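Chemist: The structure is given below, and queries will be raised subsequently.
The values are calculated or read from the model by the stated rules, or taken from the named source; none is laboratory data. Model, not experiment: these values are computed from the prediction. Glycine gets a Cβ as well: all are built from the backbone with ideal geometry, and neighbour counts include every protein chain shown.
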Amino acid sequence: MKALIFVLYFFLAIGFSGTVSYADESHVWSLHPAKLAIGQVGLFSISDVPATPPKAGAFLGRPVYFHPGLGRLTALLPVDISTPPGKYPLTIEYQHVHHGTKKVITIQVEVQPYEFPVEELTLPEKMVTFPEEILKRIQDEKKAVDAVFEKTSASLLWNGGFIKPVAGDIVGLFGSRRILNGEERSRHLGVDIRGTEGTPIRCANSGRIALAGDFYLLGSTVILDHGQGVFTIYCHLSKAAVKEGQQVAKGDSLGEVGATGRATGPHLHWGAVICGARVDPLSLIEATAMIADK
Ligand SMILES: [Zn+2]
């Protein structure tokens, strides 16, 4: 009997579109992409819990928001760039449909290691070393930007797959360790997309403008709140075309590509934060690619 239970405790991989499905002794669930690495977000689906949103979910100390659809529940699972690789529990809490009793499911999700690239850049020294008053301004601005991610719309504002805001090539990768003028200074917490000055920047998904302002390093910046902790960030704009509090739809123009702040040429720095986790925005496109627009 023990052996039989052991045999039932198996992993079954179905390799289509990079999605992997698993069945353990009690649940059938899937993850897209199949391998979730540090600094990425994946789409988790489970088909054998009641298709009403569970009361609560948690993964890596962050809330997980489930959405019903097609007889399954799906949720974004973000893994912050600083998370060590390993197996982490995803807990799903819900009320039993008939008896109203509380049920908690725990699923072990594997987080893969990822070797982030190293980028060496030579910049004018004044773009790397700052006098004290500028350093103070940079620190204050960082606090102000980080505070934006604390306040999110409780309802889901995004809809269907996320899109790339500018069509150009990726010229700076997410997570790269940046050696500026021979010294390791910072991690690159977004992707850089090439674009000529004035190219319209499209909203990666629907949401509300949480911030539109000017910053020393980031330049003219817009932060879009997509609800339930999902934010996308757009920096170095030549100009922003939106105001804080404004509702926007996926594909709307939010401004134009520029080179404001610390930028050596026109490009869009695009970032994503999910419930405080810094993730590669390109992985948000990949994770949501199969979700149809409503
Ligand atoms: Zn950048």
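Chemist: For segment 229-262, name all the residues that are in a loop (DSSP other than H, G, I, E, B) and either within 16 Å of the ligand (Cβ to nearest atom) or of a type in the set (S, T, N, Q) (or both). Can you show your working first?
Modeler: Initial filter on segment 229-262 (in a loop (DSSP other than H, G, I, E, B)): 229, 241-246, 249-252, 259-262.
Listed by number, the residues that qualify are Q246, A259, T260, G261, R262.
Chemist: Evaluate the following for H267: is it crowded, with 22+ Cβ neighbours inside 10 Å, under 25 Å from T122 (Cβ atoms) and out of contact with any Ser or Thr (no Cβ under 8 Å at 6 or more places or on another chain)? Let's see the steps before the verdict.
Modeler: Numbers: crowded, with 22+ Cβ neighbours inside 10 Å: yes; under 25 Å from T122 (Cβ atoms): yes; out of contact with any Ser or Thr (no Cβ under 8 Å at 6 or more places or on another chain): yes.
Considered against the rule, which asks whether it is crowded, with 22+ Cβ neighbours inside 10 Å, under 25 Å from T122 (Cβ atoms) and out of contact with any Ser or Thr (no Cβ under 8 Å at 6 or more places or on another chain), H267 comes out as yes.
Chemist: Could you say which residue among P84, P78 is closer than 30 Å to L173 by Cα, without any contact (Cβ under 8 Å) to a residue 60 or more places away in the chain, in the same structural domain as A56 (by TED's automatic domain parsing) and not hydroxyl-bearing (S, T, Y)?
Modeler: Values: P78 fails: without any contact (Cβ under 8 Å) to a residue 60 or more places away in the chain.
None of the other options fit; the residue is P84.
Chemist: Determine which single condition A212 fails, assuming it passes every other condition in (1) away from the ligand (no atom under 15 Å from the Cβ); (2) closer than 22 Å to P78 by Cα; (3) in a strand (DSSP E or B).
Modeler: A212 satisfies all of (1) away from the ligand (no atom under 15 Å from the Cβ); (2) closer than 22 Å to P78 by Cα; (3) in a strand (DSSP E or B) except (2).
Chemist: Any idea which residue in segment 142-192 is farthest from P281 (Cα to Cα), counting only those that are in contact with a Phe, Trp or Tyr (Cβ under 9 Å, 6 or more places away or on another chain) and more than 16 Å from the ligand (Cβ to nearest atom)?
Modeler: For segment 142-192, the residue satisfying everything is A144.
Chemist: Then there is this: Which number in (1) free of Cβ contacts under 8 Å to residues at least 24 places away in the same chain; (2) under 30 Å from H32 (Cβ atoms) marks the one condition that K239 misses?
Modeler: Result: K239 fails condition (2) only.
Chemist: When you go through F130, F59, F44, F66 one by one, which is the residue that is over 19 Å from S283 (Cβ atoms), at pLDDT 85 or above and buried (at least 18 other Cβ atoms within 10 Å of the Cβ)?
Modeler: On the way: F130 fails: buried (at least 18 other Cβ atoms within 10 Å of the Cβ); F59 fails: over 19 Å from S283 (Cβ atoms); F44 fails: over 19 Å from S283 (Cβ atoms).
The match here is F66.
Chemist: Does K151 meet the test of being at pLDDT 95 or above and loosely packed, with under 15 Cβ neighbours inside 10 Å? Spell out how you get there, then give the answer.
Modeler: Numbers: at pLDDT 95 or above: yes; loosely packed, with under 15 Cβ neighbours inside 10 Å: yes.
Considered against the rule, which asks whether it is at pLDDT 95 or above and loosely packed, with under 15 Cβ neighbours inside 10 Å, K151 comes out as yes.
Chemist: Let me ask you something else. Would you point out which residue out of I201, I285 is more than 15 Å from the ligand (Cβ to nearest atom), within 18 Å of I170 (Cβ to Cβ) and outside any loop (DSSP other than H, G, I, E, B)?
Modeler: Of I201, I285, the one residue that is more than 15 Å from the ligand (Cβ to nearest atom), within 18 Å of I170 (Cβ to Cβ) and outside any loop (DSSP other than H, G, I, E, B) is I285.
Chemist: Please determine, by comparing only the residues of segment 45-76 that are touching a Gly at 6+ places or on another chain (Cβ under 8 Å) and aromatic (F, W, Y), which one is farthest from V279 (Cα to Cα). Write out each step before concluding.
Modeler: To start, the set of residues in segment 45-76 that are touching a Gly at 6+ places or on another chain (Cβ under 8 Å) comprises 47, 51, 62-66, 75-76.
Within this subset, residues satisfying the condition of being aromatic (F, W, Y) are 65-66.
Numbers: Y65: 17, F66: 19 Å.
Residue satisfying both the conditions and the ranking: F66.
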